[in-house]
Each structure stands twice: as C-alpha cells, then as structure tokens.
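Every number in this text was worked out from the coordinates using simple rules, so none of it is lab data. What you are looking at is a predicted structure, and each value in this text was computed from that prediction instead of being measured. Heads up, the Cβs are rebuilt from the backbone with ideal geometry, glycines too, and the neighbour counts pull from every protein chain shown.
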Amino acid sequence: MRFRSVAAGVWGQESISRLDIGFVRDPEVEARFSKAGVYAAIRYRHDPPPWASGRHLVRAAPDRIYRLLVMDEMLGLDDDSVEKILIHEAVHIGYAKHSREFLSVVRECGGAVSGSAVDRGNDNITVERKDPGERRYKPVREFTDAREAEQWARAEISSGRFPGSKWRMSQ
C-alpha cells in the first residue's frame, strides 16, 4: 500500500497498524475541502494526541485506526503531486497541527506544505497578506528561500505600513 510505505519513509518505521482509505462522499465535507483546496486528509481520534519530535515518532497508538480521506480531484493529479500530498498526510501521524516543526518535517521529506504548492507546481515560498475586512489572503511576494521570506515578512510587519493585517507564508 503506497501510503503505508510513504509513512514508513517519513518516520523510519512501520507507524500505521490499521489504515482505511475512503473517498469523501459527504457533500458538506466535500464542499468545505474543495473551498479550502484540500486534496486529502488523515483522520483519527486525537485521544491521546499524536506526538513527535523532529523525525522521531514518540507516540502513535498501535491500535489507532487512521482513515485517509481522498477528494476525487486527487485522482487527476500526477504521481509526483500525489506523493507530496501523501507525505504531508503521513507527517500528520506525528503532528496534529501545521506547526513550524510539522512544516519543517514536511519540507525535509519532500512533501507539499499546502494544496496551493501542488497547484502551482513549484517549491517557492509565497508571503501572503490579509488586510482588515478582507476574506482571503493575497500573494505579496515569492521567494526561493524560506529564511529570506521570513526576514522580509518580519521587516514588512514591523514597518507598520499595514496595521491590522495578518501575514502568512505558504509553499
């Protein structure tokens, strides 16, 4: 099973004891995923929550059932994009949220940090800004280096030219 081997590659061990793969068939969930640009999601009970440190999986319950939900749109993607999405979801076995450490592990393993990275087909980091009253983030500038993107964004934030704006970086 491809996802099982991807997860073993991320964590260096057979980390998934039971895996169920299904297509998203709930119209409400499908609409929410589609609006957010989500191709797949891994679901499991968060009790106890997953726990990892870097590439070391500290806790993944052996009897936990992982369910990989796949959107129909994922079937139309090339193999490289599918692999990047599977890596992203495999990292969620150890990290529930998109924390800095989660993103670092995804990048280290060659996964897609976001659905937009798959759509764009590149590994550039985009700094995005959402101004007060706006619903969506808008791309401001692209970088090839994450450190450079972070430094530039920090300088923009501290300049005070965009009071109340929210900033994020995506890949």
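Kindly identify region 125-170 as rounded, prolate or oblate by the Cα gyration tensor criterion: order the square roots of the eigenvalues as a ≥ b ≥ c, call it rounded if a/c is under 1.5, otherwise compare a/b with b/c, prolate if a/b is larger, else oblate. Here region 125-170 falls in the oblate category.
Rounded to the nearest 20, the size of the Cβ-charge dipole of region 125-170 about its Cα centre is 240 debye, with Lys and Arg at +1 and Asp and Glu at -1.
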